[in-house]
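Peer 1: Would you mind keeping the following structure in view while I ask a few things?
The values are calculated or read from the model by the stated rules, or taken from the named source; none is laboratory data. On a predicted model such as this, the values are computed, not experimentally measured, just so you know. All Cβ positions, glycine included, derive from the backbone under ideal geometry; neighbour counts span all protein chains shown.
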Amino acid sequence: MRELLITIHDVAPALMPRVETIWRLCESRGVVPGLLVVPDWHGETAMESDPNFVDWLRARAAEGAEVFLHGERHDEVGSPRTFGDELRAFGKTNNEGEFLTLDYAAARGRIDRGVSRLRAIGLEPIGFVPPAWLAKPDTHRAARDAGLRVSEDDGAVYVHTPAKIISSPVIRWSGRGTVRAYGSVFFERWRWWFQRGEQVMRLALHPGDLAHPATAASIETALDAWLSVRAQTFYRALGI
Ligand SMILES: [Zn+2]
């Protein structure tokens, strides 16, 4: 059967009302989305400092939500880009590619810290997704060596145990301005018409999708459309 992986990105206290709204959109359709947690969103609020947030996360994990580490702070503060990094990131993110520039040691350090912090609040992460899906291959090796089962970029999911690369288009939106919003609504429809036959599709929902009425409406119609032709599946079942 064809597969559909559904996640909510940017799960952090600062973005909480919107994350919860998206969770409810999924819940009302019988979907249990994966949650991509950022422990120190923009270096401002440690997740542990918000007991309501921690309780909310634990409750969702108890309902079967897969938990992912999604960077440490998400933005690129303190990690200057080289020209090559600029090229790789061109048009893909508004300086939210925390792992874009990191080598193995730096990536491993952030992943290890994040995994320990998630475990300390009672969560067992299944994988790692770099912010904006931007990272060097070193980051995926670091995720594997840190004991995580999966990581991904915008073209594929890397299953680490047992090793397997699964090609998978990702549907995502941008609510940052009208041009990007309508552009991303168009691309969702493009994928519907031209990539509907792909074995594994990913739907990546972001709190920022609710910032523009066009993307806010599109994530709901897309959920309904894709769920009408395939059922939600989970990362834990990939490659097994
Ligand atoms: Zn993100």
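Peer 1: Looking only at segment 58-99, how many residues end up being assigned to a loop (DSSP other than H, G, I, E, B), touching a strand residue (DSSP E or B) at 6+ places or on another chain (Cβ under 8 Å) and touching a residue at least 40 places away in the same chain (Cβ under 8 Å)?
Peer 2: Pass one, segment 58-99, residues assigned to a loop (DSSP other than H, G, I, E, B): 63-66, 70-82, 90-99.
Of the ones still in play, those that are also touching a strand residue (DSSP E or B) at 6+ places or on another chain (Cβ under 8 Å) are 65-66, 70, 72-74.
Still in the list and also touching a residue at least 40 places away in the same chain (Cβ under 8 Å): 66, 70, 72, 74.
Within segment 58-99, residues that are assigned to a loop (DSSP other than H, G, I, E, B), touching a strand residue (DSSP E or B) at 6+ places or on another chain (Cβ under 8 Å) and touching a residue at least 40 places away in the same chain (Cβ under 8 Å) number 4.
Peer 1: Within segment 102-118, which residues are within 16 Å of the ligand (Cβ to nearest atom) and at pLDDT below 95?
Peer 2: Hit for segment 102-118 is 102, nothing else.
Peer 1: Tally time: how many residues in segment 195-221 are in a helix (DSSP H, G or I), free of Cβ contacts under 8 Å to residues at least 60 places away in the same chain and more than 16 Å from the ligand (Cβ to nearest atom)?
Peer 2: The total comes to 6.
Peer 1: It is to be established whether one or more residues within segment 184-194 are small (Gly, Ala, Ser) and either more than 26 Å from residue 226 (Cβ to Cβ) or not in a helix (DSSP H, G or I) (or both). Even if it seems obvious, please write down each step before you answer.
Peer 2: The first filter runs over segment 184-194 and keeps only residues small (Gly, Ala, Ser), leaving 184.
So of that shortlist, the ones also either more than 26 Å from residue 226 (Cβ to Cβ) or not in a helix (DSSP H, G or I) (or both) come out as none.
Looking for residues that are small (Gly, Ala, Ser) and either more than 26 Å from residue 226 (Cβ to Cβ) or not in a helix (DSSP H, G or I) (or both), one finds none in segment 184-194, hence no.
Okay, residues lined up against (1) more than 17 Å from residue 2 (Cβ to Cβ); (2) at pLDDT 95 or above:
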{"residue": "193", "(1), (2)": "no, no"}
{"residue": "218", "(1), (2)": "yes, yes"}
{"residue": "231", "(1), (2)": "no, no"}
{"residue": "235", "(1), (2)": "no, yes"}
{"residue": "240", "(1), (2)": "no, no"}
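Peer 1: Does at least one position in segment 24-35 carry a residue that is farther than 26 Å from residue 227 by Cβ and touching a helix residue (DSSP H, G or I) at 6+ places or on another chain (Cβ under 6 Å)? Let's see the steps before the verdict.
Peer 2: Step one: of segment 24-35, the residues farther than 26 Å from residue 227 by Cβ are none.
No, segment 24-35 contains no residue that is farther than 26 Å from residue 227 by Cβ and touching a helix residue (DSSP H, G or I) at 6+ places or on another chain (Cβ under 6 Å).
Peer 1: Every residue in segment 119-138 that is within 16 Å of the ligand (Cβ to nearest atom) and not in a loop (DSSP other than H, G, I, E, B), please. Explain how you work it out, then say what you get.
Peer 2: Our first condition is that a residue be within 16 Å of the ligand (Cβ to nearest atom); within segment 119-138, this holds for 125, 127-135.
The answer is 127, 128, 131, 132, 133.
Peer 1: Can you pull out every residue in segment 190-210 that is loosely packed, with under 15 Cβ neighbours inside 10 Å and of a type in the set (Lys, Arg)?
Peer 2: Across segment 190-210, the qualifying residue is only 196.
Peer 1: Here's a follow-up. Are any of the residues in segment 9-28 more than 16 Å from the ligand (Cβ to nearest atom) and of a type in the set (S, T, N, Q)?
Peer 2: Looking for residues that are more than 16 Å from the ligand (Cβ to nearest atom) and of a type in the set (S, T, N, Q), one finds at least one in segment 9-28, hence yes.
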